[in-house]
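Some notes on the structure that comes next.
Throughout, read-outs are computed from the coordinates displayed, never taken from laboratory work. Predicted model, so just to flag it, every value in this text is computed and none were measured. Ideal geometry is used to build each Cβ from the backbone, glycine not excepted, and the neighbour counts take in all protein chains shown.
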Amino acid sequence: MTGTDRRRPGPRRRQGDGLELVRATLAPVIVRTSRPTRFARPQPPTIWRCADPMADGLTIGQAAAFVGVTIKTVRHYHRLGLVAEPDRDGSGYRRYRSGELFRLVQVRTLAAAGVPLAEIGDLLDADPKTFAATLDNVHHQLTERIEDLIARRDRLHRLDHGDRALLPDRACAVLDRLAELGFSPDYVTGQREALVLARALVPEIFDSFLTRLEHSLDDPESVELTKRGWDARAWDPDDPRIEELASTMADKLLTNRALLAMPTGFRNQSDAASRYGMVNHHREDQSPSIARLNTLVEAKLRAAGIAVPSQ
């Protein structure tokens, strides 16, 4: 130590003082008081319990959610008397308990199955035999509705396929056959319109009409005569060729008289002639020569004993 160094020497460090310092640092700090230290007893963990929504019943919104309907539907069931309205609690809310929920499930299930709401009340209160009979009736009604919906779906499908929106596949096949045989688009259009009218106005003879067309298209001579008849639209109505062509066409038709027969029930109807005329004379106003040709053919068929309706 020099004269200039006047610092006081620190205490002499003994061996092991470093370990004591570490121990002092890690040791807990104990605050001593005048009272002896007491250790508190361990407390059990706090268990939080959630309120049971079913304990006091459900609100209308909760009940509707449980059953799978809307609040509006539940209120509608109340108005119809299908489900009794529960009592209100002290806060003024209606509380739905198991009995009301069970009834709601019953009503919802029957309504979803197609049972009319007007019948559900009596059905739930009916005896087993009446219940089963009512369900059988509902099953029958649903089957009819399903068939109707399938028919509507098929009609919608046909809307994407031109003629098939108004005519069955068999009639469409006849129209396709006409085009394949070289008939003009105007003639095919006229036949399409005639088929649509026949199906609507004279359904009693629609199938036989198709059968006659199918047979004629399989006969080359009939095809040629039909094309000549269509060409006659450009002739003068008094052209002598029209009467000659009418005789040839009538003779050809008479070779298969069975195809010309009209159902007895149809012939006896008072409006049969007018309905038949609307179809057979379609578009004649656009071609006087075709009108005369058809009139002559019908007259020759009647003269041969064929019951062609006439006004």
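Working note: Karplus 6.51/-1.76/1.60 with θ = phi - 60° gives the stretch 90-99 the couplings x, 8, x, 9, 7, 10, 9, 10, 4, x Hz, where Gly and Pro are set to x. Spin-label model, Met278 to Leu80: label points 7 Å out along the Cα-to-beta-carbon direction sit 4.1 nm apart. Normalising the average separation of contacting C-alpha pairs (under 8 angstrom, six or more residues apart) by the number of residues puts the relative contact order of the stretch 107-242 at 13 percent.
Note on Glu193 and Arg302: the model spin-label points, each 7 Å out from Cα along the C-beta direction, lie 2.5 nm apart. For Glu100, the shell of other residues with beta-carbons less than 14 Å away shows a net charge of +3, using +1 for Lys and Arg and -1 for Asp and Glu. Other residues within the sphere of radius under 13 Å centred on the Cβ of Pro116, judged by their own Cβ, net out at -1 (K and R +1, D and E -1). Under 14 Å from the Cβ of Asn137, count the other residues' Cβ atoms, weight Lys and Arg +1, Asp and Glu -1, and hand me the total. Once positives and negatives cancel, what remains is -2. Charges were assigned to the Cβ only: +1 to each Lys and Arg, -1 to each Asp and Glu. The resulting dipole of the stretch 232-311 about its Cα centre is roughly 360 debye. The simple Förster model, with R0 at 45 Å and r as the Cβ-Cβ distance, assigns Glu147 and Ala234 a FRET efficiency of 0.40. Placing dummy labels 7 Å off each Cα toward the beta-carbon, the span from Ser247 to His215 is 2.4 nm.
Using the alpha-carbon positions of the stretch 264-305, Rg (one decimal) and Dmax (whole number) come out as 11.8, 33 Å.
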